[in-house]
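The values are calculated or read from the model by the stated rules, or taken from the named source; none is laboratory data. For clarity, every value in this text was computed on a predicted model and none was experimentally measured. Quick reminder, even Gly has a Cβ in these numbers, built from the backbone with ideal geometry, and neighbours come from all protein chains shown. Ligands, DNA and RNA are stripped out before the accessible areas are found, and what is left, the full protein with its side chains, is counted by its heavy atoms. Shrake-Rupley method; radii C 1.70, N 1.55, O 1.52, S 1.80 Å.
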Amino acid sequence: KWACVPITRDLSALGFDLIATHGTARYLRQNGVDVEAINKVTEGQPHIVDAIINDRIDMVINTTSGARSIGDSQQIRRNSLRRRIPYFTTLSAATGAVGALQELARRTPGVRSLQEYQRLI
């Protein structure tokens, strides 16, 4: 869980409201991250899939371990993909996505030709 703290801090700084399952939320709060707690699928409703279905989620970072978590993640993944919500299963992929969001927040992206990019190399 320690590796998700910088990512969540960055997302919060970008203006995202964060939602995490209870254990992750507790850990993030202990590390100074403001986050709302939500149930896992197996813990009853309302749960994370309900939040996805109700359009409360804009991005999913779902790293799993253990059979129960993997079962929950199938429903999360299926519903995220149906709603075209970006879904990341590794912290390295999420870090890259958050870095791109930070870059977009810093400046407006422009359009260049391939020849212009080639000259930059």
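Within segment 81-103, can one find any residue that is under 17 Å from Ile7 (Cβ atoms), of a type outside the set (Ser, Thr, Tyr) and over 16 Å from the mean Cα position of the chain (by Cα)?
Here is the first cut: in segment 81-103, the ones under 17 Å from Ile7 (Cβ atoms) are 85-103.
With the extra rule that they be of a type outside the set (Ser, Thr, Tyr), the set shrinks to 85-86, 88, 91, 93-94, 96-103.
So of that shortlist, the ones also over 16 Å from the mean Cα position of the chain (by Cα) come out as 103.
So far as segment 81-103 goes, yes, one or more of its residues are under 17 Å from Ile7 (Cβ atoms), of a type outside the set (Ser, Thr, Tyr) and over 16 Å from the mean Cα position of the chain (by Cα).
Scanning segment 4-26 for residues that are open to solvent by less than 40 Å² (accessible area, probe 1.4 Å), aliphatic (A, V, I, L, M) and either closer than 15 Å to Met59 by Cβ or touching a His at 6+ places or on another chain (Cβ under 7 Å) (or both) yields a count of 4.
Scanning for something among the hydroxyl-bearing types (Ser, Thr, Tyr), open to solvent by less than 40 Å² (accessible area, probe 1.4 Å), under 13 Å from the mean Cα position of the chain (by Cα) and over 24 Å from Arg106 (Cβ atoms), does segment 58-65 turn up at least one residue?
So in segment 58-65, the residues among the hydroxyl-bearing types (Ser, Thr, Tyr) come out as 63-65.
Cutting the leftovers down to open to solvent by less than 40 Å² (accessible area, probe 1.4 Å) gives us none.
Within segment 58-65 (the criterion being among the hydroxyl-bearing types (Ser, Thr, Tyr), open to solvent by less than 40 Å² (accessible area, probe 1.4 Å), under 13 Å from the mean Cα position of the chain (by Cα) and over 24 Å from Arg106 (Cβ atoms)), the answer is no, since none of the residues qualifies.
For segment 78-104, the set of residues classified as open to solvent by 80 Å² or more (accessible area, probe 1.4 Å) and not in a loop (DSSP other than H, G, I, E, B) consists of Arg78, Leu81, Arg82, Ser92, Leu104, listed by residue number. The residue that is modelled with the lowest pLDDT, among those in segment 66-77 that are hydrophobic (A, V, I, L, M, F, W, C) and surrounded by 10 or more Cβ atoms within 10 Å (Cβ to Cβ), is Ile70. Could you tell me how many of the residues in segment 1-34 are in a loop (DSSP other than H, G, I, E, B) and among the hydrophobic types (A, V, I, L, M, F, W, C)? Looking only at that region, the number is 6. Identify the residue in segment 105-115 that is open to solvent by 100 Å² or more (accessible area, probe 1.4 Å) and not in a loop (DSSP other than H, G, I, E, B) and, among all such residues, is farthest from Ser12 (Cα to Cα). Out of the qualifying residues, it is Gln115.
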